[in-house]
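Trainee: Starting off with a structure, shown below.
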Amino acid sequence: MILGILSLAPELSWMLIKVLVCIGFLMLLAPPLTWVERRGSAMIQDRIGPNRAALFGKIKILGLAHVLADGLKFFFKEDLIPKDANRALFWIAPALAFIPALLGFAVIPVGRSFELEGTTYHLSLIDPNNGMGLLYPLAIGGLAVYGVLVAAWSSNNKWSILGGMRASAQMVSYELGLGLSVIALFVTVGGYDPHQVILDQVQHGWYLWRQPLGFLVFFVCQFAETNRLPFDFAEGESEIVAGFHTEFGSMKFGLMGLAEYVHIIVASALIVTLYLGGWSIPFSRDGDSWPVLATVASFLAKLLFLCWVFVWVRWTLPRFRYDQLMHIGWKIMFPLSLINLVVNAWWLTR
Amino acid sequence: MAILVKKVQLSWWDRLYFPAVLKGMWVTFGHFIRQLLTPTSKRFTIQYPEMKKEMPEGYRGLHELKQFEDGSIKCVACFMCQEACPARCITIEAEEFSDLNFTQGYEEKRPKIFKIDMLRCIYCGMCEEACPKDAIWLRKDYELAAYDRLSLNYGKWDLMNTYAVTDGKPVQSEDNELPPSPPRNFVTM
Ligand code: SF4
Ligand code: SF4
């Protein structure tokens with residue numbers, strides 16, 4: 001049946017399927033990720049974690065019902081808007097935080113392109129060779145700071161503002177290291193199309209091994225970009241309460257939380273594509289003979305592992321102080337990425 | 001004079017951070033795996049309603065009024081516990097009785113009303129110390145919850161039956177001669 005619809009309006013329906021699957025995937029993966037976060041952190045800290053919520057009072061399924069209960073609870077909570085808040089901005093802030101997080105996934109190929117009845121199908125939302133390539137998710141990622149900033153500004157709360165300012169300062173300073181480390185990669189590849197990057201890695205090995213320094217900088221900066229510990233400066237229980245989302249309640253807060261997890265997934269997808277060979281299967285160089293589903297599985301496995309690393313790191317490291325963060329951003333990450341770029345450029349012209 | 005705080009000098013290896021980070025991640029990973037592979041019953045967390053902690057010897061929990069084998073109360077209403085109680089939460093009213101069939105029969109005195117306000121009690125165990133007849137004991141039960149204050153004002157019947165189920169004894173039926181004690185309203189799960 002799917003093939004039948006495909007033959008009617010192939011382009012459009014293929015696009016539709018891709019959009020539904022991709023967005024659905026992101027939306028469906030984010031809530032279980034909260035579960036992974038809660039249970040995983042519990043395991044790391046020798047606790048047990050949430051395990052009480054049960055479907056129909058019976059089925060506990062390792063606490064997965066908490067995800068449902070949380071979602072449901074968000075919908076039934078009173079939706080408060082502070083008296084002096086900027087109502088319009090307050091309303092769109094969660095969307096501003098959520099949509100850029102979601103959009104970044106568009107150019108990431110989740111599997112090998114395949115041919116069917118003479119048409120080539122690409123497993124990324126936007127077909128390759130579109131001129132944006134991997135610059136697009138980076139640019140969109142930069143937009144994410146607006147969600148935080150607008151949320152902070154609109155709630156008219158000093159804690160929020162402090163959190164928002166901190167987050168934006170952090171994002172701006174980490175964007176540099178991020179960009180420069182990726183430029184080194186693009187220079188080596190000779191292009192910034194995701195397919196090009198992946199094919200290059202299929203032939204010559206992962207960039208994780210070829211540019212470990214670049215990977216390190218990119219990875220650390222992605223943590224700052226996603227506002228995760230050890231760089232979670234937008235919030236801070238002991239100093240500025242919940243930071244930029246102090247005033248948000250009900251589903252608005254839920255969306256903010258969801259945005260963080262979607263951000264993690266997209267950041268993981270970016271790292272996988274850039275440094276872990278995307279959908280390529282490890283220990284194999286024969287790119288054209290891989291089954292499409294195997295490549296998708298490979299991509300997903302890497303993605304999920306990285307998501308877990310995000311959780312894992314959060315529950316391992318203490319957070320930095322604000323000045324330490326700036327210090328690391330400007331005095332360590334930025335020079336490191338510059339060195340990485342120069343060394344790689346020199347290596348190419350040698 | 002101000003206290004001089006000595007600044008910790010990190011070695012270059014420490015200042016690389018990443019070895020330390022990797023070490024930390026290894027530690028947390030170890031904890032994760034260990035916790036994952038430990039069966040729930042062996043973990044540190046006591047999952048309360050299903051699992052209960054074994055209270056140590058000498059724990060002072062809810063009181064029990066002891067009985068003889070035939071079920072008659074050991075207490076002779078001597079008021080010692082009432083006097084000893086620092087929280088003043090014991091109320092006793094004595095009655096005379098002479099039923100020689102009972103073990104206690106020769107004593108000819110027993111409480112008509114024996115009430116302990118469990119909300120005022122501080123579980124100090126003074127009543128237990130003071131009792132000449134070993135008739136009142138503080139035992140290991142600590143689950144005390146009710147919907148109103150009155151039902152935590154335990155009467156004689158409550159005190160004699162607090163542990164009946166735990167001990168496997170038959171629950172004492174309510175004596176007709178005694179005024180009815182307020183209903184004991186445990187929240188049972
Ligand atoms: S335990 Fe202490 S406070 Fe409670 S009834 Fe006995 S003497 Fe009174
Ligand atoms: S419980 Fe013991 S101390 Fe208290 S009145 Fe009875 S016999 Fe006396």
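Trainee: What net charge do the residues around residue A:18 carry, taking every other residue with its C-beta under 13 Å from that of residue A:18, with Lys and Arg at +1 and Asp and Glu at -1? The partial results should precede the final answer.
Mentor: Working: positive: none; negative: A:11, A:127.
With Lys, Arg at +1 and Asp, Glu at -1, the neighbours total -2.
Trainee: Separate question: Within 10 Å of each Cβ in A:309-315, how many Cβ atoms from other chains are there, averaged over the peptide? All intermediate terms of the calculation are to be shown ahead of the outcome.
Mentor: Working: counts 1, 0, 0, 4, 4, 0, 4.
Partner-chain Cβ atoms within 10 Å, mean over residues of A:309-315: 2.
Trainee: For a quick check, take a GNM of chain A with Cα springs below 10 Å and name the residue from A:258, A:16, A:180 with the largest mean-square fluctuation.
Mentor: Judging by the Gaussian network model, the answer is A:16.
Trainee: Among A:232, A:46, B:167, rank each residue by its count of other Cβ atoms within 10 Å, from fewest to most, as a rough exposure measure. Please list the in-between numbers first.
Mentor: Values: A:232 22, A:46 14, B:167 10.
Ordered by Cβ neighbours within 10 Å, fewest first: B:167, A:46, A:232.
Trainee: Give the aspartates and glutamates reachable from residue B:140 as a straight Cα distance under 18 Å; neighbours fewer than 8 places away on the same chain don't count.
Mentor: The reachable aspartates and glutamates, counting only those whose Cα sits under 18 Å from residue B:140, are B:50, B:54, B:57, B:64, B:117, B:128, B:129, B:158, B:167.
Trainee: Among all helices in chain A defined by DSSP H, which have a length of 24 Å or more along the axis from Cα atoms plus a Kyte-Doolittle mean of at least 0.0? Present the calculation step by step, with values, prior to reporting the outcome.
Mentor: Details: long enough: A:10-44 (48 Å, 1.08); A:87-103 (25 Å, 1.78); A:135-154 (29 Å, 1.62); A:158-189 (46 Å, 1.05); A:250-275 (37 Å, 1.42); A:292-314 (33 Å, 1.94).
Flagged H segments are A:10-44, A:87-103, A:135-154, A:158-189, A:250-275, A:292-314.
Trainee: Gaussian network model of chain A, Cα springs within a sub-10 Å range: biggest mean-square fluctuation belongs to which of A:72, A:149, A:185?
Mentor: Residue with maximal mean-square fluctuation among A:72, A:149, A:185: A:72.
Trainee: May I ask for the net charge around residue A:91, where only other residues with Cβ less than 13 Å from the Cβ of residue A:91 are counted and Lys, Arg are +1 while Asp, Glu are -1?
Mentor: Values: positive: A:87, A:252; negative: A:79, A:247.
Local charge sum for residue A:91: 0.
Trainee: Let me ask another. Are any of the pairs A:331/B:6; A:18/A:252; B:53/B:169; A:158/A:252; A:73/B:53; A:60/A:83 more than 29 Å apart by Cα-Cα distance, and if so, which?
Mentor: Numbers: A:331/B:6 25 Å; A:18/A:252 27 Å; B:53/B:169 23 Å; A:158/A:252 19 Å; A:73/B:53 33 Å; A:60/A:83 40 Å.
Beyond 29 Å: A:73/B:53; A:60/A:83.
Trainee: Compute the distance in nm between two label points, each set 7 Å from the Cα along the Cα-to-Cβ direction, one at residue A:84 and one at residue A:169.
Mentor: It works out to 2.3 nm between the two label points.
Trainee: Under 1.5 on a/c is rounded, so check that first for the protein assembly as shown, then, if it is not, pick prolate when a/b is larger than b/c and oblate when it is not; a ≥ b ≥ c are the square roots of the alpha carbon gyration tensor eigenvalues.
Mentor: Numbers: a/c = 2.86, a/b = 2.42, b/c = 1.19.
Note, shape of the protein assembly as shown comes out prolate.
Trainee: How would you rank A:26, A:135, going from fewest to most other Cβ atoms within 10 Å of each one's own Cβ?
Mentor: Arranged by neighbour count, lowest to highest, A:26, A:135 become A:135, A:26.
Trainee: What average count of beta carbons from other chains do you get within 10 Å of the Cβ of residues in B:24-35? Please list the in-between numbers first.
Mentor: Numbers: counts 4, 7, 1, 2, 10, 3, 1, 6, 10, 2, 2, 8.
Average neighbour count from other chains, rounded to a whole number: 5.
Trainee: On to the next question. Could you line up A:316, A:120, B:91 from fewest to most neighbouring Cβ atoms inside 10 Å? Don't jump to the answer; show the numbers that get you there.
Mentor: Values: A:316 21, A:120 10, B:91 15.
Lowest count first: A:120, B:91, A:316.
Trainee: Taking beta carbons within 10 Å but only from partner chains, what does the mean come to for residues A:31-44?
Mentor: Numbers: counts 0, 0, 0, 0, 0, 0, 0, 0, 1, 3, 2, 3, 9, 10.
That works out to 2 on average.
Read-outs throughout are calculated quantities, based only on the coordinates presented, and are distinct from any laboratory measurement. Note that the structure is predicted; figures quoted are calculated from it, not measured. Counting neighbours? That spans all protein chains shown, and the Cβs are built from the backbone with ideal geometry, glycine included.
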